[in-house]
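Working notes, beginning with the structure itself.
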Amino acid sequence: MTETPRKAPEQPKLLRTLAGEVFERPPVWFMRQAGRSLPEYRELRTRAKDFLAFCYDPEMAAEATLQPMRRFPFDAAIVFADILLIPQALGQEVWFEAGEGPRLGALPEVAALADEIEASTGRLASIGETLSRVRSALEPDRALIGFAGAPWTVATYMIEGRGSDRSGARAFAYEQPDRLDQILEVLVEATSRYLVMQARSGAQVLKLFESWAEGLAEDVFERVVIRPHQEILRRVRAAGVDAPFIGFPRGAGALVDGYAAAVPVQAVGLDTQASLAQGRRIQAGGKAIQGALDNLLLRVGGPAMDARIDTLVEAWNGAPYIFNLGHGVLPDTPVANIERAVRRITGK
């Protein structure tokens with residue numbers, strides 16, 4: 001009796017899009033799809049003593065990652081973690097104030113940070129365990145995304161000690177350029193190692209979140225965004241990792257075109273301000289794009305949201321395109337609006 005060969009599982013649509021395929025409808029996932037907009041997340045959060053403990057608990061973090069995948073037909077999950085785990089792993093004090101966000105202690109000397117690079121990846125091993133748990137639970141046709149905060153964005157928190165308008169960090173870039181370059185070099189190496197670990201733990205796509213790329217002069221953008229991203233890609237590839245990358249220089253405006261041309265990512269994340277023409281230019285240059293529905297419009301919902309979704313899909317889905325937001329899901333976004341948006345894109 002001849003055994004019928006088993007059909008290989010379909011490769012996730014997100015991966016196929018990043019490889020250049022175009023589909024009748026784009027793959028979809030949302031930044032911050034796991035989190036405070038979901039009642040089940042809010043209940044889960046009460047079980048952790050604090051936010052960082054939540055991130056470092058593989059069982060809880062895996063559950064948070066999987067919650068939106070059970071609710072919505074997203075094409076990808078993104079590991080539940082935080083961009084400030086790296087500075088903590090490098091020895092800087094990090095904590096979260098309720099209702100106010102992250103706080104960081106005094107910036108250590110660069111030499112002290114550099115001494116902790118090798119140990120930092122081990123201190124983040126629980127994130128790898130979270131990825132392994134999620135990958136084993138996730139359907140094979142749905143992708144798993146790992147991520148890190150990009151060096152400049154992480155450095156802004158390390159320098160200023162909290163979220164801000166980044167003016168202090170930008171001034172630091174002018175006043176202490178050598179010291180900033182040394183900090184960025186530490187972060188490039190630690191981030192590269194962290195992302196390699198994530199890929200080896202089950203992440204199929206890697207994303208660099210440059211959340212605070214706005215307000216930078218072109219020469220500074222080249223120095224603190226483009227060059228560190230290029231170097232991270234080089235080091236991750238040198239380690240034998242071939243997972244596709246998404247780069248997200250949020251707020252960079254017209255400088256995004258130069259980023260897309262210079263950094264060898266497979267897709268460029270676009271924020272809310274990106275024009276339809278800019279998206280098409282990047283696609284014409286051979287890269288996929290991701291974005292850029294306004295997260296405030298997702299919160300508002302209704303016909304205006306429907307119309308904008310239709311506009312983005314019509315404009316960009318003739319070439320590789322991933323539907324997403326221009327920034328993360330806001331905590332007070334109604335679940336019904338998320339359901340409506342995803343249904344409009346997927347038909348499910």
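Yes or no, residue by residue, for (1) touching a helix residue (DSSP H, G or I) at 6+ places or on another chain (Cβ under 7 Å); (2) under 24 Å from Leu144 (Cα atoms):
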{"position": "Arg45", "(1), (2)": "yes, yes"}
{"position": "Arg71", "(1), (2)": "no, yes"}
{"position": "Val79", "(1), (2)": "yes, yes"}
{"position": "Ala89", "(1), (2)": "yes, yes"}
{"position": "Leu104", "(1), (2)": "yes, no"}
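Of the residues that sit in the stretch 11-41 and are part of a loop (DSSP other than H, G, I, E, B) and polar (S, T, N, Q), which one is nearest to the chain's Cα centre (by Cα)?
Taking the stretch 11-41 as the starting set, the residues that turn out to be part of a loop (DSSP other than H, G, I, E, B) are 11-12, 19-27, 29-38.
Keeping just the survivors that are polar (S, T, N, Q) gives 11, 33, 37.
Numbers: Gln11: 21, Gln33: 11, Ser37: 18 Å.
Only one residue fits best here, namely Gln33.
Just a yes or no: is a residue in the stretch 241-257 part of a helix (DSSP H, G or I), modelled with pLDDT of 95 or more and surrounded by 23 or more Cβ atoms within 10 Å (Cβ to Cβ)?
Step one: filter the stretch 241-257 for residues part of a helix (DSSP H, G or I), giving 255-257.
Now restrict to residues that are modelled with pLDDT of 95 or more: 255-257.
Restricting the remaining residues to those that are surrounded by 23 or more Cβ atoms within 10 Å (Cβ to Cβ) gives 256.
Within the stretch 241-257, one or more residues are part of a helix (DSSP H, G or I), modelled with pLDDT of 95 or more and surrounded by 23 or more Cβ atoms within 10 Å (Cβ to Cβ).
Which number in (1) hydroxyl-bearing (Ser, Thr, Tyr); (2) surrounded by 12 or more Cβ atoms within 10 Å (Cβ to Cβ); (3) without any contact (Cβ under 8 Å) to a residue 40 or more places away in the chain marks the one condition that Thr46 misses?
The number of the failed condition is (2).
State all residues of the stretch 61-108 that are in a loop (DSSP other than H, G, I, E, B) and of a type in the set (D, E, K, R); if no residue qualifies, say none. Working first, answer last.
Within the stretch 61-108, the first condition is being in a loop (DSSP other than H, G, I, E, B), and the residues that meet it are 72-75, 79-84, 90-93, 98-100, 105-108.
Across the stretch 61-108, the qualifying residues are Asp75, Asp82, Glu93, Glu100.
Starting from the stretch 276-290, keep only residues that are in contact (Cβ under 8 Å) with a residue 60 or more places away in the chain, then list their pairs with residues that are part of a helix (DSSP H, G or I) whose Cβ atoms are within a distance under 6 Å, requiring at least 6 positions of separation or different chains.
So the pair list comes out as Ala288/Thr17; Ala288/Leu18.
The values are calculated or read from the model by the stated rules, or taken from the named source; none is laboratory data. This one's a predicted model, so the numbers in the text were calculated from it and none came from an experiment. Here Cβ is always computed from backbone atoms with ideal geometry, including for glycine, and neighbour counts include all displayed protein chains.
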